[in-house]
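The values are calculated or read from the model by the stated rules, or taken from the named source; none is laboratory data. Given the structure is predicted, the values throughout are model-derived calculations rather than measurements. We place every Cβ from the backbone using ideal geometry, glycine too, and count neighbours over all the protein chains shown. For accessibility, only protein heavy atoms count, side chains too; no ligands or nucleic acids. Shrake-Rupley method; radii C 1.70, N 1.55, O 1.52, S 1.80 Å.
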Amino acid sequence: MSLLLSWTWAAETAPLRVGLDSNYPPFSRLDRRGHGAGFNLEVAEELCRAMGRRCEFEFQPLDRLLETMRHGGLDLLMGVCSTQDRLTYMDFSQPYFRSRSVYIGRAGNGSDGPKGMVRIGARGGSVQLAHALSRRGDRAVVAPDEFGRLLDMLCAGELDLILANDLAAYSFLLSERGQDFDVLGDPLPLDSLPGLVRIGVRKDEDELRQAVDRAIRDIRFSGAFGRINRSYFPYSLY
């Protein structure tokens, strides 16, 4: 599902096309009425204010957002990590928060992470998927395009565990249906997966990238980022 929402701040320039995942709580999501919500959406709104730009928000699953960016259909893509492949078709802002990657599965399955587990899932297009494929191969890894579908498969017993961003994983574990699940093993080492989360910027648009970097600093110093952070997470993400 793809949906465009507009945020009007300054109308004298063309709107920035900003991509967000359509089903990735608590970072971004669409509700049943098509209304956007989430940490990354609120951060994006503050960045648009700080830049004095009008923005249009496009919600799609991550793998589709990456393809849209690859083909020049987005100006900014919220909440992505820099990889060698992605650097071929987009640039990146400075980091605006940090994360780790964890395996989650049914509580009591042990604390040795993926050892012995054969059905692993990761969000389509994610750095976690690339890591899982490098370790297991495509025959052992399932990659639905929506994070919500990944959680549904875990809850239904179709997967033994999933590899996910720790913040999204903890949000699920704190929910009612996450009570039977837990983090299995330790978070992945920081040198095994990118842990600095950035904003993808249209390739070779240095002025735009610099404007985004200034806006990140502005909303951090103004306290706007901290306010959003506290409304979603009980600790600082940076």
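Given the options Leu47, Leu174, Leu163, which has the most mean-square fluctuation in a GNM of the chain, springs set between C-alpha atoms less than 10 angstrom apart?
Leu174
If you roll a 1.4 angstrom probe over the protein chains with everything in place, what fraction of the accessible area of the chain belongs to carbon and sulfur, to the nearest %? Could the numbers behind the result be given before it?
Working: 5360 of 11220 Å².
Result for the chain: 48 percent of the exposed heavy-atom area is carbon or sulfur.
Give me the mean projected area, in nm² to one decimal, of the convex hull enclosing the Cα positions of the stretch 28-88. Numbers along the way, then the final one.
On the way: hull surface 19.0 nm².
So the mean shadow area of the Cα hull is 4.7 nm².
Per residue of the chain, what 222 nm ellipticity follows from adding -39500 (n - 2.57) for every DSSP H run with n ≥ 4, rounded to the nearest 500?
Values: 7 runs with 75 residues, N = 238.
Value at 222 nm, helices only: -9500 deg cm²/dmol.
Share of Cα-Cα pairs in the chain beyond 21 Å, in percent?
Working: 15725 of 28203 pairs.
The answer is 56 percent, as a whole percent.
Counting only heavy atoms of protein chains, what accessible area per residue, in Å², does the chain have with a probe of 1.4 Å?
Values: 11220 Å² over 238 residues.
So the chain comes to 47 Å² accessible per residue, rounded to a whole number.
Between Ala122, Ala143, Ala44, which gets the highest mean-square fluctuation from a Gaussian network model of the chain, Cα cutoff 10 Å?
Between Ala122, Ala143, Ala44, it is Ala143 that shows the largest mean-square fluctuation.
Counting C-alpha atoms alone, how compact is the stretch 50-178: give Rg to one decimal and Dmax as a whole number, in angstrom.
16.1, 52
Strictly under 4.7 angstrom between C-beta atoms: which cysteines of the chain have no such partner?
Cys81, Cys155
What residue among Thr83, Phe233, Gly148 has its Cα farthest toward the positive end of the dipole of the stretch 81-238, where the charges are +1 on Lys, Arg and -1 on Asp, Glu, each on the Cβ?
Phe233
With N set to the residue count of the stretch 170-211, report its C-alpha Rg divided by 2.2 N^0.38 Å to two decimal places.
Working: Rg = 17.5 Å, N = 42, 2.2 N^0.38 = 9.1 Å.
With N residues counted in the stretch 170-211, Rg over 2.2 N^0.38 Å equals 1.92.
With springs only between Cα atoms under 10 Å apart, run a GNM on the chain and tell me which of Thr83, Thr68, Thr13 wobbles the most.
Thr13
Rounded, prolate or oblate: which one fits the stretch 124-238, using the alpha carbon gyration tensor with axes a ≥ b ≥ c (rounded when a/c is under 1.5, else prolate when a/b beats b/c, else oblate)?
Numbers: a/c = 2.39, a/b = 1.50, b/c = 1.60.
Oblate, because a/c is 1.5 or more while a/b does not exceed b/c.
In the full protein assembly as shown, how much of Tyr103 is accessible to a 1.4 Å probe, in Å² to the nearest 10?
20 Å²
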